[in-house]
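Report on the following structure.
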């Protein structure tokens, strides 16, 4: 069953016909070629596919594309502005918060929502907010340090 | 890509009920954090889905004039955890909501879905059992009201008739006012894990040193979430001390129907019930205004 949806992705308006069984993850990767959005577990456990939907970090693997109609999506590709990395992305580099890199886009997307919220987070709260992301290289310490650093700036 | 044969989005409750009445075999989808995963694992095939996601009115949390707290079935775990009314009046529900999944799952998963899936490990269930939550269901035939204890029938089976929709979860004031509560979820990991055991205790005191009412809800302690009636009856009017608390823990085990699963053995679960009921009770006592017990 096909349906037409309209939504914005990284500030650009998109309009397309989709199958109602398609996930947002599939649309972003295969139609819009935003391959920074990673497919990890495909069941909402690893967070590699996280994107912002109306500002909220969301697992795009268990989000039907049809639900995105009328929504505003931001992927990791939309976080740097005019070729300049965000302070969070710079903090990831400075702290070496990347090993194989597969989980990084998800962590950056959730971390961006935290930085943009303007809220204060303790280290424990940072861990709680990042709990929906798995890093199988187990590089959590550097990731937490990078997010804490960006939050402080 | 999921195999979805047919799909409709309801805009209002009336709309959803109409669609359900003419398509009784359709599955209801809310947050999708359970249903889509079942589909991914091939447990459901070629489904027809009715999505409730656009029914904003089902997402509201509010206090009725009679002080009942009404939680829309489409309220997400994040909505519940962040709602000032629930934080103020039923903090134990916030505590339970925050143990579910991780942030991304909590912002999608709904309390109505958690209940209607009927799984024994539902994180909302022990607390809602202890709070004597009442479920409002709507269908073409009208409205039906069911206590949550009667709604759970067996693992994965709830008393939701074809064409029915869970619209609200009600907590009446005699079930939340002056109670202190605590929820303990026992898991191997701190996040993104399914409970080995869930214990919710709420209690009201008589003066400073006696139990008024104690209510104990357990998850994963039987085929459905359950209440520990023997322990609750024992606690009535007892002086609060180490001995009575230990007796309540022991009595809680008697109401449970724990079994061995790959997650834990029956014996281990029973040990957890006895121990965690006491720990949750001690915290609930202090939150109800009582003194700390060592």
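Taking packing as the residue-averaged number of other Cβ atoms within 10 angstrom, the listed peptides B:152-160, B:275-283, B:106-114, A:26-34 run from highest to lowest as B:106-114, B:275-283, A:26-34, B:152-160.
Ranked from largest, the principal axis spans of the Cα set of the protein assembly as shown equal 68, 57, 45 Å. Label point of residue A:85 set 7 angstrom out along Cα-Cβ; within segment A:119-143, amide nitrogens under 19 Å from it belong to A:139-143. With the helix formula -39500 (n - 2.57) applied to DSSP H stretches of n ≥ 4, chain A reaches a computed 222 nm mean residue ellipticity of -8000 deg cm²/dmol. Cα gyration tensor of chain B, axes a ≥ b ≥ c as square roots of the eigenvalues: rounded (a/c below 1.5), prolate (a/b > b/c) or oblate? It is prolate, given that a/c is not under 1.5 and a/b is the larger ratio.
Rounded to the nearest 10 degrees, the inclination of helix A:140-152 to the longest alpha-carbon principal axis of chain A is 90 degrees. Pair-distance distribution P(r) for segment B:1-129, from all Cα-Cα distances in 10 Å bins starting at 0: 12, 41, 34, 12, 1 percent. Of interest is the spacing of the C-alpha centroids, which for segment B:85-114 and segment B:180-209 amounts to 14 Å.
When only Cα pairs under 8 Å and 6 or more residues apart are kept, what is the percent relative contact order across segment A:87-152?
57
Per-residue ellipticity at 222 nm computed for chain B from its helices equals -9000 deg cm²/dmol, with DSSP H segments shorter than 4 residues left out and the rest contributing -39,500 (n - 2.57). May I ask for the angle, rounded to the nearest 10°, between helix B:13-22 and the longest principal axis of chain B, with both axes built from Cα atoms and the value confined to 0 to 90°? Computed tilt is about 60 degrees. Taking label positions 7 Å along the Cα-Cβ direction at both residue B:41 and residue B:22, the computed distance is 3.5 nm, reported to one decimal. Working from Cα pairs under 8 Å separated by at least six residues, relative contact order for chain B is 15 percent. Counts of other chain beta carbons within 10 angstrom of each beta carbon in peptide B:102-115 average 5. Once the mean of 1/r is taken over each pair of separate Cα atoms and inverted, segment A:87-152 shows a Kirkwood hydrodynamic radius of 11.5 Å.
Relative contact order of segment A:1-57, taken over Cα pairs closer than 8 Å and 6 or more residues apart, is 20 percent. Using only Cα atoms, locate the centre of segment A:22-38 and the centre of segment B:139-169, then give the distance between them in Å, rounded to an integer. Taking the Cα centre of each part, segment A:22-38 and segment B:139-169 sit 38 Å apart. Computed from Cα atoms, the angle from the helix B:242-255 axis to the main principal axis of chain B rounds to 40 degrees. In this calculation the C-beta distance from residue A:117 to residue B:140 is compared with R0 = 56 Å, giving a FRET efficiency of 0.80. Were the residues from residue B:275 through residue B:54 laid out at 0.36 nm apart, the gain over their Cα-Cα distance would be 75.2 nm. All alpha carbon pair distances within chain A were sorted into 10 Å bins beginning at 0; the resulting P(r) in whole percents reads 12, 42, 33, 12, 2.
Readers should treat all values here as calculations from the given coordinates under stated rules, not as data from a laboratory. Bear in mind that the values here come from a model prediction, so they are computed numbers and not experimental data. We place every Cβ from the backbone using ideal geometry, glycine too, and count neighbours over all the protein chains shown.
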